[in-house]
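**Student:** One structure coming up, written as structure tokens, with questions to follow.
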Ligand SMILES: Cc1ncc(COP(=O)(O)O)c(C=O)c1O
């Protein structure tokens, strides 16, 4: 039932647990890089999966880091600061001062507003260093700044000698697969960059662009060819006037495939329909686009004992006290039994971090990294959350 390399590994795994396959992850990055060509740099949006950042350091150009918590993870993982882009809609002045005083101009700081830009400039001035910044252009939401503000900063850049505006950052959303959307957005930034050159004599060195590439999570989704998408996207990049460095910010598209979540059936009952209660739940695993547990994600069933071939369609419910804690409805399982383990796939991005982890004071699941060479390595032990929910005397 399991691929040979997983069979030994999984039998000893205490559930619920996540396994991130580093071989799969590294192959994925190489595939994306091969498809896009070496002149395109890849920036890993680490919010997708912070557990794997160290394992890809040798093959990724940059990390997009969106909070000081993520930054602290980079420090612990010894990520070279030259690879860090400190992004985020809220940057705290004290934390920024600490980072800049320690690492100075090693990293790139994004400016999501005029206020942020001025704050970065002020702190750099205080420390007497010049730091690089990317101006984030808004796509009509709370992120980034308006085109007018961006142009104004470019026009008055000489008044800000402690920041070097290296280029523009653009991200508009995730799970996107229509080439014409990318085309529109790339045209927009390309035109903007041309305008900055023509009107203000400003030539950007970098364009950091987040395409939000799509990942297929469910059986029965409309057919979609990611190789075609990448080919089309590469052509679009080739048609830009912009001649500087293009850096693609990607999270989901890089990390989703490497993750598997294991949860054991701990109870089985028929309340009008068959229910499998599992030891995990919605607080530990979420799929983008899942709708009331109706869609069937990619999964496998690890039988505790030999199956009898009889298929039962079960509702798989988690261990929280809420009727919403349904992972999947009507999941075909072979004579499901207590002790069988369900493996949910393509959960290497976001799924492990987006849950309502503190509800019901359940423990956080353990996290393992797996590779053929090193086998299964524990990254995070099972972790009690009840201590967050009542301090005690
Ligand atoms: C600024 C920015 N860049 C990149 C990403 C990664 O998006 P995705 O996981 O769709 O690749 C995000 C996700 O929220 C983001 O906010």
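**Student:** For an R0 of 35 angstrom, estimate the FRET efficiency from the Cβ-Cβ distance between residue 158 and residue 75 and round to the nearest 0.05.
**Tutor:** Details: r = 34 Å, r/R0 = 0.97.
My answer for the efficiency is 0.55.
**Student:** Moving to a separate point now. Tell me the Rg and the Dmax, in Å, that the Cα atoms of the stretch 60-175 produce.
**Tutor:** Expressed in Å, the Cα Rg and Dmax of the stretch 60-175 come to 13.5, 42.
**Student:** Looking at the stretch 257-384, send over the antiparallel percent of its DSSP beta bridges, to the nearest 5.
**Tutor:** Details: 27 of 30 bridges.
Percentage antiparallel, nearest 5: 90.
**Student:** Moving to a separate point now. Return one number: the angle in degrees, 0 to 90 and rounded to the nearest 10, between the long axis of the Cα atoms of helix 114-126 and the longest principal axis of the Cα atoms of the chain.
**Tutor:** 70
**Student:** Now for a different question. How far is helix 93-103 tilted, in degrees, relative to the longest principal axis of the Cα atoms in the chain, given as a value from 0 to 90 rounded to the nearest 10?
**Tutor:** Between the helix axis and the principal axis of the chain, the angle is about 80 degrees.
**Student:** Jot down the per residue volume, in cubic angstrom and as a whole number, of the convex hull over the alpha-carbon atoms of the chain. Kindly include the intermediate steps, with their values, before the conclusion.
**Tutor:** On the way: hull volume 63.1 nm³, N = 393.
Spelled out: Cα convex hull of the chain, divided by residues, is 161 Å³.
**Student:** Please report the relative contact order for the chain, taking Cα pairs under 8 Å with a sequence separation of at least 6, and give it as a percent rounded to a whole number.
**Tutor:** Values: 770 pairs, mean separation 74.3, N = 393.
Here the relative contact order equals 19 percent.
**Student:** On to the next question. Can you classify the stretch 329-393 as rounded, prolate or oblate using the Cα gyration tensor, where a ≥ b ≥ c are the square roots of its eigenvalues, rounded means a/c under 1.5, and otherwise it's prolate if a/b beats b/c and oblate if not? List each step's numbers first, then the result.
**Tutor:** Values: a/c = 2.05, a/b = 1.30, b/c = 1.58.
Oblate, because a/c is 1.5 or more while a/b does not exceed b/c.
**Student:** Say R0 is 22 Å: what FRET efficiency, to the nearest 0.05, do residue 95 and residue 139 get from their beta-carbon distance?
**Tutor:** Working: r = 26 Å, r/R0 = 1.18.
Once rounded, the FRET efficiency stands at 0.25.
**Student:** For the stretch 230-325, rounded, prolate or oblate, judged on the Cα gyration tensor with a ≥ b ≥ c (square roots of eigenvalues), a/c < 1.5 rounded, else prolate if a/b > b/c?
**Tutor:** Values: a/c = 3.28, a/b = 2.65, b/c = 1.24.
Note, shape of the stretch 230-325 comes out prolate.
**Student:** As I understand it, the value is the acute angle between the Cα axis of helix 226-238 and the longest principal axis of the Cα atoms of the chain; what does it come to in degrees, rounded to 10?
**Tutor:** 0
**Student:** Just subtract the alpha-carbon distance of residue 188 and residue 122 from 0.36 nm times their residue separation and send over the number in nm, one decimal.
**Tutor:** Numbers: separation 66, 0.36 × 66 = 23.76 nm, distance 3.07 nm.
Going from the current span to full extension adds 20.7 nm.
**Student:** May I ask you to order 222-232, 257-267, 331-341 by the average number of other C-beta atoms within 10 Å around their residues, highest value first?
**Tutor:** Working: 222-232: 12.2, 257-267: 22.2, 331-341: 17.7.
Taking the mean over residues of other Cβ atoms within 10 Å, the ranking is 257-267, 331-341, 222-232.
**Student:** Could I ask something else about it? So what's the projected area for the stretch 257-384, the Cα convex hull averaged over all directions, in nm²? List each step's numbers first, then the result.
**Tutor:** Values: hull surface 33.2 nm².
Over every viewing direction, the Cα hull of the stretch 257-384 projects on average to 8.3 nm².
**Student:** Can you give the relative contact order of the stretch 130-190 as a percent, counting alpha carbon pairs under 8 Å and 6+ residues apart?
**Tutor:** On the way: 54 pairs, mean separation 24.3, N = 61.
Once normalised by length, the contact order is 40 percent.
**Student:** Before rounding to the nearest 500, sum -39500 (n - 2.57) across all DSSP H runs of length at least 4 in the chain and divide by the residue total; then give [θ] at 222 nm in deg cm²/dmol. Mind dumping the intermediate values first?
**Tutor:** Numbers: 10 runs with 108 residues, N = 393.
Only helices count here, giving -8500 deg cm²/dmol.
**Student:** Hey, what did the stretch 257-384 get for relative contact order, percent, Cα under 8 Å, at least 6 apart?
**Tutor:** On the way: 276 pairs, mean separation 41.0, N = 128.
Relative contact order here is 32 percent.
**Student:** Checking the a/c ratio against 1.5 first, then a/b against b/c, what shape does the Cα gyration tensor give for the stretch 22-256?
**Tutor:** Because a/c hits 1.5 or more and a/b fails to exceed b/c, the stretch 22-256 counts as oblate.
**Student:** Right, next: If we sort 212-218, 378-384 on the protection proxy, mean other Cβ atoms within 10 Å, highest first, what's the order? Display every interim value, and only then the final one.
**Tutor:** On the way: 212-218: 19.9, 378-384: 13.1.
Answer by packing, highest mean first, reads 212-218, 378-384.
**Student:** How do 93-103, 22-32, 39-49 rank on mean C-beta neighbours within 10 Å, highest first?
**Tutor:** Working: 93-103: 15.2, 22-32: 17.4, 39-49: 21.7.
Top of the packing list down: 39-49, 22-32, 93-103.
Every number here is computed from the coordinates shown, using simple stated rules; none is lab data. Small disclaimer: the values here were computed from a predicted structure and weren't measured. Here the Cβ is made from the backbone with ideal geometry for all residues, glycine too, and neighbour counts use every protein chain on show.
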